[in-house]
Amino acid sequence: MTVRLALRGVAALSLAAATAAHAHIVFAEPSAASGSYYAGFLRVSHGCAGSPTVSIRVEIPAAVASARPQPKPGWTLTVEKAPLATPIPSESGGTVHDRVTAITWTGRLDADQFDQFGIMLKLPDASATLYFPTVQRCESGSNEWNMIPAAGQPWHSVKSPAPVLNVTTGTPSIMHGMKM
């Protein structure tokens, strides 16, 4: 009986270590309705091999019409933009000439803590699988969550998968009518 309990304990610790070693940056809610506004929160569950996280940089897919970061106390925001090939009308009656291509939060998150980084997105009108390549820089080292699986392959089939958001047709979220 004692040996069996000891083996169960070792198995549980091994499973926990394997899970922690393979923890990825993911969206808290990994699916959303097409055409809606989506408040997405990227979960960062660990540092880099015991080193604290000092920045998170997220690339925004071209299919996303608008992206706005949520500020975090103690963190600095940097928003990168690129000109649109063709300007688009804004919901406030103006014209949008550029789009957000990447967002970076710079601060400090201890390696044994987790946090969430929020982005408000205007999603495309059609179903899509959107990948958000993300670089997690730490005081020592980094994790590049930027791999995209081949068509038909599961998200976790690659070593360092980019956070993924599944955009589906159906009832838009409650935030659909909100303006950004």
Could you tell me the accessible area of Ile119 in Å² (1.4 Å probe, neighbours in place), rounded to the nearest ten? 0
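Can you give the relative contact order of the stretch 37-163 as a percent, counting alpha carbon pairs under 8 Å and 6+ residues apart? Mind dumping the intermediate values first?
On the way: 280 pairs, mean separation 46.6, N = 127.
Relative contact order for the stretch 37-163 comes out at 37 percent.
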To the nearest 20 debye, what is the magnitude of the charge dipole of the stretch 75-180 about its Cα centre, counting +1 on the Cβ of each Lys and Arg and -1 on the Cβ of each Asp and Glu? 220
What part of the accessible area of the stretch 47-180, given as a whole %, is carbon or sulfur when the probe is 1.4 angstrom? 54
Cross-link partners among aspartates and glutamates for Lys122, C-alpha distance below 13 Å, same-chain residues fewer than 8 apart left out? Glu91
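The values are calculated or read from the model by the stated rules, or taken from the named source; none is laboratory data. Bear in mind that the values here come from a model prediction, so they are computed numbers and not experimental data. Quick reminder, even Gly has a Cβ in these numbers, built from the backbone with ideal geometry, and neighbours come from all protein chains shown. With ligands, DNA and RNA removed, areas are computed over all heavy atoms of the protein, side chains included. Shrake-Rupley method; radii C 1.70, N 1.55, O 1.52, S 1.80 Å.
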